[in-house]
1. Pick out the one residue from B:S61, B:S81, B:S103 that is touching a strand residue (DSSP E or B) at 6+ places or on another chain (Cβ under 8 Å) and hydroxyl-bearing (S, T, Y).
2. Let me confirm something: among A:V159, A:V150, which residue is under 17 Å from B:S61 (Cβ atoms) and touching a His at 6+ places or on another chain (Cβ under 9 Å)?
3. Exactly one of these conditions fails for B:L160: (1) in contact with a Leu (Cβ under 9 Å, 6 or more places away or on another chain); (2) closer than 30 Å to A:G93 by Cα. Give me its number.
4. A:L70 versus (1) away from chain B (no Cβ under 13 Å); (2) under 14 Å from the mean Cα position of the chain (by Cα); (3) not basic (K, R): which is the lone unmet condition?
5. Any residue at all in region A:84-105 that's of a type in the set (V, I, T) and at the interface with chain B (Cβ under 9 Å from one of its Cβ atoms)?
6. Filter region B:73-83 for residues that are facing chain A (nearest Cβ under 9 Å) and in contact with a helix residue (DSSP H, G or I) (Cβ under 7 Å, 6 or more places away or on another chain) and give the result.
7. Suppose we keep only residues that are surrounded by 23 or more Cβ atoms within 10 Å (Cβ to Cβ) and in contact with a Lys or Arg (Cβ under 9 Å, 6 or more places away or on another chain) within region B:34-54. Which one would you say is farthest from the other protein chains (Cβ to nearest Cβ)?
2 protein chains.
Amino acid sequence: MPVLCETNDVNTRRIPPRSGTAFELKRGQNLTVIDPEGEQVSDLVAYNADDTQEAISSGRSIDYAGRIFLTTGDTIYSNRSKPMLHIEHDEVGRHDFSLTPCSRDTFRILYDDDNPHHGCQGNLEQALHPCGILPDQIPIAFNIFMHVAVDSDTGVIKVLPPLSRAGQFITLRAEMDLIIGMTACSAGQSNNFRFKPIDYRIH
Amino acid sequence: MPVLCETNDVNTRRIPPRSGTAFELKRGQNLTVIDPEGEQVSDLVAYNADDTQEAISSGRSIDYAGRIFLTTGDTIYSNRSKPMLHIEHDEVGRHDFSLTPCSRDTFRILYDDDNPHHGCQGNLEQALHPCGILPDQIPIAFNIFMHVAVDSDTGVIKVLPPLSRAGQFITLRAEMDLIIGMTACSAGQSNNFRFKPIDYRIH
């Protein structure tokens, strides 16, 4: 069940800092993901609720959009080239769809951390376990609000503070019955080293 | 078994135009992928031979390299953050690691093709089937020689003719026992609409 914390809106649920959740999103329902304090990232993954071998695919989505940055009007496709989520409204306009969720290994390999946090990967693994989804099934996430700059010539990437300001949001419509996994990101590099919550609403 | 055609070198195997193959690559073995005529793409996927749920991960590899374009000295990691392939030598220096193999759906959605070719996806599905690898297990490929330009500001991608000239190659060393799937690409956009073979050598 989703973590439910105090917010101003009783229909809004809160994902506490450095944690994750999973829930069902029925076809036609909208999911609004809000950055309540600004400059925070939420890694989102989605699976066909009837067959969790079908999951979001950055490779298909980027190919069909013709862009590595998706925004309002774009569709997130599955590995079977079926529409899973449609971006209805996007107040921020910059998200990442190239990186896997941060993990113990990310912190170990990239940041030489001896005793690393289990990251968004670990949080998604825990949240998705009751849905029968295994760690190996976690794909490249749609990293909402994550700001990854890419150098066209060298391909060098830089993880920058998100462009999202407090209260800004993105709304996605489910194009099939889905299981959603979502986090409030655990990597300091993604949120300017100020670990914060993420809010969301289903409507 | 790999497709074996006539080439000048008896140790070199040929993948005919618009087809694919699969083979084992033992830890420590080198795989050299050659573009015999120039401007052709080979989609490469790799799996842990002992547990095919472990496969190459563009998201992990790009994160750890800090670059979306991999070349000599870079490592291709698995979804479990284990090194799978190390790029020993790269004569071209431009490959894509953002897109999934072209498929019937690619040709239908992007090119309005009524009777589409089954693409690299179909070729990989057929080649990997005897290894017990299912279509849903085909990840974002390491698209050797594929030239995808990215606009830093808008994220717009353009598939351009490969930079590879006739005879140029890349050599990758296996860091674990692997099953490799590989194609001679079926998408005209990737090879300047001149469908050509791909050669490879294991040494």
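The values are calculated or read from the model by the stated rules, or taken from the named source; none is laboratory data. Just so you know, these numbers come straight off a predicted model, no measurement behind them. Neighbour counts are summed over all protein chains in view; Cβ atoms, including those assigned to glycine, are modelled from backbone coordinates with ideal geometry.
1. Working: B:S81 fails: touching a strand residue (DSSP E or B) at 6+ places or on another chain (Cβ under 8 Å); B:S103 fails: touching a strand residue (DSSP E or B) at 6+ places or on another chain (Cβ under 8 Å).
Of B:S61, B:S81, B:S103, the one residue that is touching a strand residue (DSSP E or B) at 6+ places or on another chain (Cβ under 8 Å) and hydroxyl-bearing (S, T, Y) is B:S61.
2. On the way: A:V150 fails: touching a His at 6+ places or on another chain (Cβ under 9 Å).
A:V159 is the lone residue from the list that is under 17 Å from B:S61 (Cβ atoms) and touching a His at 6+ places or on another chain (Cβ under 9 Å).
3. With respect to (1) in contact with a Leu (Cβ under 9 Å, 6 or more places away or on another chain); (2) closer than 30 Å to A:G93 by Cα, B:L160 is out only on (1).
4. A:L70 satisfies all of (1) away from chain B (no Cβ under 13 Å); (2) under 14 Å from the mean Cα position of the chain (by Cα); (3) not basic (K, R) except (1).
5. Of region A:84-105, the ones of a type in the set (V, I, T) are A:87, A:92, A:100.
Now drop any that are not at the interface with chain B (Cβ under 9 Å from one of its Cβ atoms), which leaves A:100.
Yes, because at least one residue in region A:84-105 is of a type in the set (V, I, T) and at the interface with chain B (Cβ under 9 Å from one of its Cβ atoms).
6. The answer is B:Y77, B:N79, B:S81.
7. Step one: filter region B:34-54 for residues surrounded by 23 or more Cβ atoms within 10 Å (Cβ to Cβ), giving B:34-35, B:40-47.
From what is left, the residues that are in contact with a Lys or Arg (Cβ under 9 Å, 6 or more places away or on another chain) are B:34-35, B:40.
Numbers: B:I34: 23, B:D35: 20, B:Q40: 19 Å.
Only one residue fits best here, namely B:I34.
Residue-by-condition table, conditions (1) in contact with a helix residue (DSSP H, G or I) (Cβ under 7 Å, 6 or more places away or on another chain); (2) within 14 Å of another protein chain (Cβ to nearest Cβ); (3) surrounded by fewer than 23 Cβ atoms within 10 Å (Cβ to Cβ); (4) not aromatic (F, W, Y):
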residue: A:A127; (1), (2), (3), (4): no, no, no, yes
residue: A:V156; (1), (2), (3), (4): no, yes, yes, yes
residue: A:L160; (1), (2), (3), (4): no, yes, yes, yes
residue: A:L163; (1), (2), (3), (4): no, yes, yes, yes
residue: A:Q168; (1), (2), (3), (4): no, no, yes, yes
residue: A:T171; (1), (2), (3), (4): no, no, yes, yes
